[in-house]
Amino acid sequence: MMQRATLLNKVIESGIVSVVRADSAEKAVKIVEAVVDGGIKSIELTYSVPRANEVISDLVTKYQGTDVVIGAGTVLDPTSARLAIIAGAQFIVSPSFSKEVAKMCNLYQIPYVPGVLTPREAQEALQYGSELIKLFPGDITGAKMIKDLKGPFPYINILPSGGVNVQNIGEWLSAGAVAVSAGGGLTAPALHDDYQAVTDNAKAFVAAFQSSK
């Protein structure tokens, strides 16, 4: 339990999870470096990145002994979860809840953060041991959904994903989110190889998070 709790706390304390998608392993690493330079400590490297396991392994080695936590995202099945964990992934994120992935993560004592949209899914995720739940897609539910879920599930820890930006981060946090997840809104300049702009975006997210806490 110790390892899982420690990793989970690192993700929550970091406040912002950067979702990294890229069409090459090299580009993914550059995006991660740019985001970390901007002060973001939690990275969700999606399985859509080519050679994702190698990239995870390299990043875990690179940031060993720092506050940076490297997780795997878009994990849809237990085999991918196991490969990511063996590569060194420190948390696993899915777009939806999977019992099999939950069991695999529990076996290795790695936090599992499944995507949830309904109260029924939230209940199932909690029953299978998820201590942090991704509200997805957040741009559809809006921040009010957090308050609604916290009525029946007062102890739920929610990480909204989708529709989170520098302008509305305060709204999500005041609604009860413990941290937020940001994807394209943070990393979009990388499409044009503008990694300095990614770093600037990361700094803006961190500043907005700290002023809203």
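The values are calculated or read from the model by the stated rules, or taken from the named source; none is laboratory data. For clarity, every value in this text was computed on a predicted model and none was experimentally measured. Every residue, glycine as well, gets a Cβ built from its backbone with ideal geometry; the counts of neighbours run over all protein chains shown. Accessible surface areas use protein heavy atoms only, side chains included; no ligands, DNA or RNA. Shrake-Rupley method; radii C 1.70, N 1.55, O 1.52, S 1.80 Å.
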- Task: Output the Cα-based Rg and Dmax of the range 88-192 in Å, rounding Rg to one decimal and Dmax to a whole number.
- Result: 13.9, 44
- Query: Counting only residues 5 or more places away or on other chains, whose amide H sits under 5 Å from the amide H of ALA22 once H atoms are built in the peptide plane?
  - Reply: VAL49
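Report the convex hull volume per residue for the chain, counting only C-alpha atoms, in Å³.
On the way: hull volume 22.0 nm³, N = 213.
Each residue corresponds to 103 Å³ of Cα convex hull volume.
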- Note on the structure: For the range 38-149, the Cα-Cα pair-distance distribution in 10 Å bins from 0, as whole percents, is 15, 44, 32, 9, 0
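Return the carbon/sulfur percentage of the accessible area of the range 100-155, one whole number, probe 1.4 Å, all protein chains in place.
On the way: 1700 of 2950 Å².
Carbon-and-sulfur percentage of accessible area, whole number: 58.
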- Run the accessible area of the range 1-89 with a 1.4 Å probe and give the carbon-and-sulfur part as a rounded percent. 51 percent
- Message: Under 16 Å between alpha carbons, and skipping anything fewer than 8 positions from LYS213 in its own chain: which lysines qualify?
- Response: LYS203
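With a Förster radius of 35 Å, plug the Cβ-Cβ distance of HIS192 and GLU54 into 1/(1 + (r/R0)^6) and report the FRET value to the nearest 0.05. If you can, show how the numbers build up before the last one.
On the way: r = 25 Å, r/R0 = 0.72.
FRET efficiency, HIS192 to GLU54: 0.90.
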- Given +1 on the Cβ of Lys and Arg, -1 on the Cβ of Asp and Glu, and no further charges, what dipole in debye does the chain carry about its Cα centre, rounded to the nearest 20? 520 debye
- Item | Average accessible area per residue (Å²) across the chain - probe 1.4 Å, nucleic acids and ligands excluded | 45 Å²
- Message: Could you work out what % of the accessible surface of the range 168-213 is carbon and sulfur, using a 1.4 angstrom probe and leaving DNA, RNA and ligands out of the count?
- Response: 51 percent
- Message: Between LEU45, LEU107, LEU117, where does the largest GNM mean-square fluctuation fall for the chain, given springs only between Cα atoms within less than 10 Å?
- Response: LEU107
- Query: Given VAL60, LEU135, VAL17, which one lies farthest toward the positive end of the charge dipole of the range 15-160, if we put +1 on the Cβ of every Lys and Arg and -1 on the Cβ of every Asp and Glu?
  - Reply: LEU135
